[in-house]
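The values are calculated or read from the model by the stated rules, or taken from the named source; none is laboratory data. Model, not experiment: these values are computed from the prediction. So basically every Cβ, Gly included, is an ideal-geometry build from the backbone, and we count neighbours across all protein chains shown. When the accessible area is computed, the model is the full protein with side chains, heavy atoms only, and any ligands, DNA or RNA have been set aside. Shrake-Rupley method; radii C 1.70, N 1.55, O 1.52, S 1.80 Å.
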Amino acid sequence: MSQCWGMSNIPDLTNKIAIVTGGNVGLGFQSCVALAKAGCRVVMACRDEHKGRQAIASIKDKRVSYNIEVISLDLTSMESIQHFVTLFNARYSHLNILLNNAGVVNLSELQRTSDGYEMHFATNHLGHFSLTGLLLPLIINTPQSRVVTVSSGGHKFGEIMLDDIHWRRRPYHRIKSYGDSKLANLLFSFQLQRYFEQHKIDALSLAAHPGLTGTERQQSIGVGGKLSKWLASPVEKGVLPQLRACCDPSALGGEYYGPRFSICGKPVKATPDDKALSEPMAQALWDYSSELTEVFYQFEQGG
């Protein structure tokens, strides 16, 4: 597998359709631009449609026609997720790439959604679990479709305690709470690939992490804090692992991409913590997530 994969390696994506959650800022925005530049029609999914349109208008390279549209999506609201899926289904008949990129990072204080769920876990995991499940019919019916879920090296600090995943008994710890959600992202991604293989579905589930990247969130409240201002890769490089997972023809289902030197470097296949490879934990998390969201995946559609 090439160690020198870059923007120039993105193949022609004409006639492809992608969804990028959190697409108006940071890694999500750079993903939208890179995919659209390769000819892909991109749906930028973000909470604020106005901010999404402002992001599109900010693209400086006017020589390229970027086919990007905005549909609002609040990953903490099942009503919003269902509304997004309804609109997308009404406009599109296939889905080639679902990039589960959006996330909240190391919230200094414990925050909960309107349903009472811890914010990291609800946004980073449950929202994407629900979105992917509701889009599953399109994913199944699109040959060689891909679901790419963005995790973090912070998953190594995570622990899936399903009896207190929402931090109702434990003293809140922002790094561990964020780590829980990022570990959940990997467990979900790997389990989704197992289901694809089990049901012989022509789709791939992959994961990626950006290392230490100079996004506004990482520089202000991320794991790196002030350190990221000195060591972080620019967003244009930090985005490469998830783009490789999205469109490298040689990528395989179940792979996890990250910077070669963990926090920086060319995008290569990464090694997750052993916790992320636990099938029993992945299944337990999957069952718990289905019960909590009432989203039950119907894989038999692919049979």
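Can you name every residue in the stretch 140-155 that is assigned to a helix (DSSP H, G or I) and open to solvent by 30 Å² or more (accessible area, probe 1.4 Å)?
Residue satisfying the conditions is 153 alone.
For residue 22, state whether it is buried (at least 16 other Cβ atoms within 10 Å of the Cβ) and in contact with a Cys (Cβ under 7 Å, 6 or more places away or on another chain).
Taking the combined requirement at face value, the residue satisfies it.
Return the residues of the stretch 1-56 that are within 14 Å of residue 68 (Cβ to Cβ), of a type in the set (S, T, N, Q) and outside any strand (DSSP E or B); say none if nothing qualifies.
The answer is 24, 30, 31, 54.
Over 18 Å from residue 155 (Cα atoms), surrounded by 21 or more Cβ atoms within 10 Å (Cβ to Cβ), modelled with pLDDT of 95 or more and among the aliphatic types (A, V, I, L, M): is that true of residue 203 in this structure?
So residue 203 fits the description; yes.
If you go through the stretch 72-113 one residue at a time, how many are in a loop (DSSP other than H, G, I, E, B), among the small types (Gly, Ala, Ser) and open to solvent by less than 30 Å² (accessible area, probe 1.4 Å)? Full working, then the answer.
From the stretch 72-113, those in a loop (DSSP other than H, G, I, E, B) are 73-77, 92-96, 101-111, 113; that's our starting set.
Right, trim to among the small types (Gly, Ala, Ser) and you get 77, 93, 102-103, 108.
Those left that are additionally open to solvent by less than 30 Å² (accessible area, probe 1.4 Å): 102-103.
Residues in the stretch 72-113 being in a loop (DSSP other than H, G, I, E, B), among the small types (Gly, Ala, Ser) and open to solvent by less than 30 Å² (accessible area, probe 1.4 Å): 2 in total.
Is it the case that some residue within the stretch 63-71 is among the aliphatic types (A, V, I, L, M), part of a helix (DSSP H, G or I), at pLDDT 95 or above and open to solvent by less than 20 Å² (accessible area, probe 1.4 Å)? If you could, list the steps in order and put the result at the bottom.
Looking only at the stretch 63-71, we keep the residues that are among the aliphatic types (A, V, I, L, M), and these are 64, 68, 70-71.
Okay, now just the ones that are also part of a helix (DSSP H, G or I), so none.
There is no residue in the stretch 63-71 that is among the aliphatic types (A, V, I, L, M), part of a helix (DSSP H, G or I), at pLDDT 95 or above and open to solvent by less than 20 Å² (accessible area, probe 1.4 Å).
How many residues does the stretch 255-280 contain that are under 18 Å from residue 204 (Cα atoms), surrounded by fewer than 17 Cβ atoms within 10 Å (Cβ to Cβ) and either acidic (Asp, Glu) or at pLDDT below 85 (or both)?
Qualifying residue count for the region: 1.
Go through the stretch 114-139 and give me each residue that's part of a helix (DSSP H, G or I), open to solvent by 20 Å² or more (accessible area, probe 1.4 Å) and out of contact with any Ser or Thr (no Cβ under 7 Å at 6 or more places or on another chain).
Across the stretch 114-139, the qualifying residues are 134, 137, 138.
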